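The structure appears below as structure tokens.
The values are calculated or read from the model by the stated rules, or taken from the named source; none is laboratory data. Values in this document were obtained by computation on a predicted structure and should not be read as measured data. Counting neighbours? That spans all protein chains shown, and the Cβs are built from the backbone with ideal geometry, glycine included. SASA here: full protein model, heavy atoms, side chains in, ligands and nucleic acids out. Shrake-Rupley method; radii C 1.70, N 1.55, O 1.52, S 1.80 Å.
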Amino acid sequence: MNIPNELKYTKDHEWVRIEGEMAFIGITDFAQRELGDIVYVEVESLDQELEQEAVFGTVEAVKTVSDLFLPLSGEIVAFNENLETTPESVNTDPYGAGWMIQLRYTNPEQIDHLLSADAYKELIGA
């Protein structure tokens, strides 16, 4: 299972990549395996400012629909539009082409409370 050390993680199985004042967010390799074949990603919160742990969208797999929870407070400034035509990128490349949103985070202190790769591995028993 792929759990990159340079990323941060949540107990809800989202990953976070910090780049300056921006954060890229998606779901982990563990989450996409648990969900199965992803057929649709919906994010209706573009250009909205949301609080940490708010639902920012949903991911639909063949067998279930799951809410997506915001790891950090901030404004969602971009949605990965490639997922509209190739949602399976979340399965094949969850940390690259399968990223979901870009967030301008507003509370940098929240980053310190996200899980490290080792803590996330412990959470999922990897």
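Numbers for the structure displayed
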| item | result |
| --- | --- |
| Rg to Rh quotient for region 39-126, alpha carbon positions, Kirkwood Rh | 0.98 |
| Positive dipole terminus of the chain, leading residue within Gln48, Gln110, Ile76 (C-beta point charges) | Gln110 |
| Mean Cβ count within 10 Å, highest first, over the residues of peptides 21-34, 46-59 | 21-34, 46-59 |
| Positive-end residue of Ile18, Thr28, Ala126, charge dipole of the chain with Cβ unit charges | Ala126 |
| Given charges at beta-carbon only (K, R positive; D, E negative), |dipole| of the chain in Debye | 380 debye |
| Average Cα contact separation per residue, the chain, under 8 Å, 6 or more apart, as relative contact order % | 31 percent |
| Long-range HN-HN contacts of Asp93 with modeled amide H, under 5 Å | Gly98 |
| Alpha-carbon centroids, region 92-126 and region 59-89: separation in whole Å | 14 Å |
| ³J(HN,Hα), Karplus 6.51/-1.76/1.60, whole Hz, each residue of region 6-20, x for Gly, Pro | 7, 9, 10, 9, 10, 5, 8, 6, 9, 10, 9, 10, 8, 9, x |
| Among Pro94, Pro108, Pro71: highest mean-square fluctuation, GNM of the chain, C-alpha pairs under 10 Å | Pro108 |
| All aspartates and glutamates inside 12 Å of Lys63 as judged from Cα atoms, apart from same-chain residues fewer than 8 positions distant | Glu34, Asp37 |
| Average accessible area per residue (Å²) across the chain - probe 1.4 Å, nucleic acids and ligands excluded | 51 Å² |
| Gyration tensor verdict on region 82-126 (Cα atoms; rounded if a/c is under 1.5, prolate if a/b is larger than b/c, oblate otherwise) | oblate |
| Net +/- balance of residues flanking Asp37 in space, Cβ distance below 13 Å, scoring K and R +1, D and E -1 | -1 |
| Heavy-atom accessible surface of the chain: percent carbon and sulfur, 1.4 Å | 44 percent |
